[in-house]
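Okay, handing you the structure first.
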Amino acid sequence: MTDDGLERHGDDSYDATSRIVDPGGDADERRVEAALRPRRLAEFPGQPRVSDQLALVLEAARRRGAPPDHVLLSGPPGLGKTSLAMIIAAELEQPIRITSGPAIQHAGDLAAILSSLAEGEVLFLDEIHRMARPAEEMLYLAMEDFRVDVVVGKGPGATAIPLELPPFTVVGATTRAGLLPAPLRDRFGFTGHLDYYTAEDLSAILTRNADLLGVDATRQGIDEIAGRSRGTPRIANRLLRRVRDYAQVHGKGVVDHAAARAALELFDVDARGLDRLDRGVLEALCKRFGGGPVGLSTLAVAVGEEPDTVETVAEPYLVREGYMIRTPRGRAAAPGAWEHLGLTPPDGPGTSATPLPFDEGEGRFAL
Ligand SMILES: Nc1ncnc2c1ncn2[C@@H]1O[C@H](COP(=O)(O)OP(=O)(O)OP(=O)(O)O)[C@@H](O)[C@H]1O
Ligand SMILES: [Mg+2]
């Protein structure tokens, strides 16, 4: 965590889900996240498809007595990619080496890691789409042939010495599978796409976590939080802690329906679970751009966010829930957006665009 409360990842990227609901930051956030992480596949609620597929891949590998194929986990932030990577290592009873794409800026960084792997070890590469190109090439050769070429010396006299590696398993995680070059993507024998959780699954997760955190919660309180967590366990866990805070300060210390509603309102989470960024995007789309279509970067400027944040954090959920559509000409409001904002859609595209003043100080359009 930094002064501004954002989780920086070495290279200035940040965990956008953390800023939406928790702008003040939470010092023990990571510790709590780690404590709440399910440890085994059987304890991992939700994602039945990925979970079953993974169970099969791991069991088959165990029976063969060999490391499984490389695994790629893709999906929006906070759905459990890191948790699953740890679970894979735990199920295989192997150590896990953790690094991330942005940390590997040179092929040499990767060579050092690869050449120190033990047989069967799991190498977790988070944000794998952000790895430097030469490292990417080295990685897919290593994944296929279990070999790296270590370059010794510099300039014309440099020679590449091939180094054999013991078999190991790469687990890659990405929020942007589309950005992975095809040769790298093809080296993964199994790709698990994580999707948003159902409210029932989130309720189950929250019930377990309330127990683990020693929080007294009612069924209605839990369900209210689950229904407003954008299908995302990380958001559900965070909201649970905010509702607990609220209940401690204003209530009887019990996470019940009333506490959940009041706390969620305080933290700008609306009845459908949309947060400030989501609503900002929808309002910009409908009010500023008459429903679109509008280019991603223009839309991002309108809400004062990075295009990447709008695309990876807000958009997937808004598209899935029928608030927004992606068209070849840009993003457009779906009927759900107009309805949610209580607005009447225009007859034709673009007809109701009311120009809004651009606030230079804020660097965004006044909405
Ligand atoms: N199926 C689940 N059951 C219980 N808790 C979960 C589940 N999935 C995720 N969580 C919780 O949500 C939090 C975020 O999960 P995790 O870090 O694995 O997400 P991620 O997909 O790696 O996110 P990011 O893309 O931001 O790295 C963790 O604290 C974890 O405990
Ligand atoms: Mg992660």
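Values quoted throughout were computed directly from the atomic coordinates according to the rules given, and no laboratory measurement underlies them. It should be emphasised that the depicted structure is a prediction, and the values quoted were computed from it without experimental measurement. As a convention, Cβ positions derive from the backbone with ideal geometry for all residues, glycine included, and neighbour counts pool all protein chains shown.
When the Cα atoms of region 95-231 are enclosed in a convex hull and the volume is divided per residue, what value in Å³ results?
On the way: hull volume 18.9 nm³, N = 137.
In region 95-231, the Cα convex hull volume per residue is 138 Å³.
Follow-up. Which net charge results when you count Lys and Arg as +1 and Asp and Glu as -1 among the other residues whose beta-carbon is under 15 Å from that of R272?
Working: positive: R228, R230, R261, R276, R279, R320; negative: D223, E224, E265, D268, D270, D275, D278, E283, E321, E339.
Local net charge: -4.
Rounded to the nearest 500 deg cm²/dmol, what is the calculated helix-only ellipticity per residue at 222 nm for the chain, with -39500 (n - 2.57) per DSSP H run of length n ≥ 4?
The per-residue figure over the chain is -12000 deg cm²/dmol.
Let me ask something additional. Hey, what did region 199-266 get for relative contact order, percent, Cα under 8 Å, at least 6 apart? Working shown, then result.
Numbers: 86 pairs, mean separation 24.7, N = 68.
Reported relative contact order: 36 percent.
Taking a ≥ b ≥ c as the square roots of the Cα gyration tensor eigenvalues, with a/c under 1.5 meaning rounded and otherwise prolate when a/b beats b/c, else oblate, which class fits the chain?
Since a/c reaches 1.5 but b/c is at least a/b, the shape of the chain is classed as oblate.
If you don't mind, there's one more thing I want to ask. Give me the net charge of Q220's neighbourhood, meaning all other residues with Cβ under 14 Å from the Cβ of Q220; Lys, Arg count +1, Asp, Glu -1.
-1
Tell me the relative contact order for the chain as a rounded percent, counting alpha carbon contacts under 8 Å between residues six or more apart.
Contact order relative to length: 14 percent.
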